[in-house]
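> One structure, as structure tokens, below. Some questions next.
The values are calculated or read from the model by the stated rules, or taken from the named source; none is laboratory data. What you see is a predicted model, and the numbers here were worked out from it, not measured in a lab. Counting neighbours? That spans all protein chains shown, and the Cβs are built from the backbone with ideal geometry, glycine included. For the accessible areas, the whole protein counts, side chains as well, though only heavy atoms, and no ligand, DNA or RNA atoms are used. Shrake-Rupley method; radii C 1.70, N 1.55, O 1.52, S 1.80 Å.
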Amino acid sequence: MGSSHDITIQDIARRAGVGVGTVSRVLNDSPNVSPATRAQVHRVMAEVNYRPKAAAKTLRTRRSSALAFITDEIASTPYAVDTIRGAQDAAWQQNFILLLVNTNNNQQLLEAAIASMLDRQVEGVIFATWYHRMAKLPAIIHRLPAVLADCFVEERSLPSVVPDEVQGGYAATELLLRQGHRRIGFINNEQSQPAHEGREQGYRQALAAWDIPFDPELVTCQFGAAEGGYAGVYLLMRLPHPPTALFCFNDRAAMGVYDALRELGLAIPQDVAVVGFDNQEIIAAHLRPGLTTLQLPHYAMGAWAVNYLLHEAPSLSSPGPAVPPPQIKLTCPIVLRASHAWLREEVVARTESD
């Protein structure tokens, strides 16, 4: 018999001693086959490593067992790629595959990718972005069951899963408050985006919960990543009463914070505690000392999107009663390393005497 690519169901039928119709019923999971015959057919298929052609299976079952995963530019980012990994693992566990397209933020390519996935009869589409933002999507996406990961549409007409930015900002600030810090600087990004607004909102809420008055002097918005963190340190640490801890918009900003504090002769965490956001392993785990930070739930978002499509998304042909699409926010857990510490009395004395 030829290679496994050349084997037909006629070959399987001959080797199993059954009719072609019986093999077809086994492939289609028909109940009208005895357990012994089904086992015999499966044994022969395993012996010859037979896999039914995907196109033929789709025609028979009207199911492709494939999901489209379309991104803006996740495949070229160092950390958001975990969204793909989470989706792929969840799909594979349920015998589905992902068809991946990275559009490089090209709207024409995005529309063409969705059209191509329609032609391939995928059973749903995930659109994911590499950072939390509002997305503008072509109308064609509504022709498939669809879910958004790390993004949302303005009218909230599609289900989405995003990080809980407010919870993350609250958790970072509360961690420092629990360590005894009361003057906590926040180096935010100046770009208007959900992370900018949400993390500052969480910062303010944590201060209020601890009865700490909000001091606008302790918040600075900087453009860029490491450069912004560096500039923010020089603004905040030259205040008459500088902060004893710094909460950074992201781990890249924390890189600049480390450099600036070192130049000022201040040690982390002995003189100034530092907390980041994102848990970019290539940065956070390799700074010295290791950076305490918040984990963006990229993997969990990818897995949630697949599980929603496969188990909860309404069918386009029979959607059932109209209900608002879910807008899910996932927790950003703290990753403890060494850059946060208890506030020491000598640090309080030094900052108050400056």
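> Within region 291-298, can one find any residue that is surrounded by fewer than 21 Cβ atoms within 10 Å (Cβ to Cβ), of a type outside the set (S, T, Y) and over 16 Å from the mean Cα position of the chain (by Cα)?
No, every residue in region 291-298 fails to be surrounded by fewer than 21 Cβ atoms within 10 Å (Cβ to Cβ), of a type outside the set (S, T, Y) and over 16 Å from the mean Cα position of the chain (by Cα).
> Here is a further query. If you go through region 129-163 one residue at a time, how many are closer than 22 Å to V274 by Cβ and either open to solvent by 10 Å² or more (accessible area, probe 1.4 Å) or of a type in the set (G, A, S) (or both)?
Qualifying residue count for the region: 1.
> Right, here's the next one. How many of the residues in region 132-167 are of a type in the set (S, T, N, Q) and over 19 Å from the mean Cα position of the chain (by Cα)?
Matching residues across region 132-167 total 1.
> With the requirement that a residue be hydroxyl-bearing (S, T, Y) and more than 28 Å from L296 (Cα to Cα), what does region 114-147 give you?
Residue satisfying the conditions is S116 alone.
> Now for a different question. Restricting to region 250-287, count the residues that are in a loop (DSSP other than H, G, I, E, B), open to solvent by 30 Å² or more (accessible area, probe 1.4 Å) and either free of Cβ contacts under 8 Å to residues at least 12 places away in the same chain or under 23 Å from E197 (Cα atoms) (or both).
Result for region 250-287: 3.
> Can you tell which of F214, F186 is assigned to a loop (DSSP other than H, G, I, E, B) and touching a helix residue (DSSP H, G or I) at 6+ places or on another chain (Cβ under 8 Å)?
The conditions single out F214.
> Find the residue count for region 217-230, including only residues that are under 29 Å from the mean Cα position of the chain (by Cα) and either in a helix (DSSP H, G or I) or surrounded by fewer than 18 Cβ atoms within 10 Å (Cβ to Cβ) (or both).
Result for region 217-230: 8.
> Something else: Under 7 Å between Cβ atoms, which residue pairs at least 6 apart in sequence (or on different chains) link something in region 110-133 that is in contact (Cβ under 8 Å) with a residue 40 or more places away in the chain with a partner that is assigned to a strand (DSSP E or B) and among the acidic types (D, E)?
Note: pairs meeting the criteria are A128/D150; T129/D150; Y131/D150; H132/D150.
> Quick check on Q205: is it part of a loop (DSSP other than H, G, I, E, B), open to solvent by 40 Å² or more (accessible area, probe 1.4 Å), closer than 28 Å to R133 by Cβ and polar (S, T, N, Q)?
no
> A further question on this structure: Looking at Q193, is it under 21 Å from L336 (Cα atoms) and either open to solvent by less than 30 Å² (accessible area, probe 1.4 Å) or under 25 Å from the mean Cα position of the chain (by Cα) (or both)?
Taking the combined requirement at face value, the residue does not satisfy it.
> Sort out which residues of region 166-190 are open to solvent by 10 Å² or more (accessible area, probe 1.4 Å) and under 17 Å from T292 (Cα atoms), and write them in order of number.
Q167, Y170, A171, E174, L175, R178, Q179, G180
> Give me the residue from region 78-95 that is of a type in the set (S, T, N, Q) and over 20 Å from E281 (Cα atoms) and, out of that set, most open to solvent (accessible area, probe 1.4 Å).
Q93
> Follow-up. Which residues, taken from region 100-125, are hydrophobic (A, V, I, L, M, F, W, C), assigned to a strand (DSSP E or B) and at pLDDT below 95?
L100, V101
> For the structure I just gave you, tell me whether A75 is open to solvent by 40 Å² or more (accessible area, probe 1.4 Å), more than 30 Å from S30 (Cα to Cα), at pLDDT below 85 and hydrophobic (A, V, I, L, M, F, W, C).
Against the criterion (open to solvent by 40 Å² or more (accessible area, probe 1.4 Å), more than 30 Å from S30 (Cα to Cα), at pLDDT below 85 and hydrophobic (A, V, I, L, M, F, W, C)), A75 qualifies.
> Right, something else. Going by the conditions given, is T331 polar (S, T, N, Q), at pLDDT below 95, surrounded by fewer than 21 Cβ atoms within 10 Å (Cβ to Cβ) and at negative phi?
Here the answer is no, as T331 does not meet what is asked.
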